[in-house]
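What follows is one structure encoded as structure tokens, with my remarks underneath.
Read the figures in this text as sums done on the coordinates, not as results from a lab. It should be emphasised that the depicted structure is a prediction, and the values quoted were computed from it without experimental measurement. When we count neighbours, we look across all protein chains shown, and the Cβ atoms used for this are built from the backbone with ideal geometry, even at glycine.
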Amino acid sequence: MTGRWRIAVPLLVVAFAATALAAQDAQVFRTGTDLVLLSVSAVDSKGKPIAGLDRADFQVVEDGRVQDVSVFSAEPQPISLSLLIDTSTSMEMKLRMAQDAAVGFCRRLRANDVAQIISFDS
């Protein structure tokens, strides 16, 4: 048995024992939320932003039921996002355009925004 295996076997035994103990003492964690954040913007019939709206100007309906708007802010809020770019061969002719669009989008992010770019090809 090599030195590498002498180290790995005890770790596997400890990991197995921890898993077995966790299965015996399995606890169920359930949670829910009473607050859902919605980011919205309003535009007029010409596509121009409408400013100066407040809580009374909005109505949120879920499954046909009006929901209470308990928190309202007219200030821009930071965003957190993942931007996925398809780099597979099917995008060969369009990849440069997609990359330019991603760069342009990221340049518009504000100081408190968080973003990551992920490429995938399969």
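Sorting 63, 54 from the fewest to the most surrounding beta carbons within 10 angstrom yields 63, 54. Arranged from fewest to most other beta-carbon atoms within 10 Å of their beta carbon, 55, 30 become 30, 55.
For residue 113, the residues whose modelled amide H falls within less than 5 Å of its own, excluding neighbours fewer than 5 places apart on the same chain, are 79.
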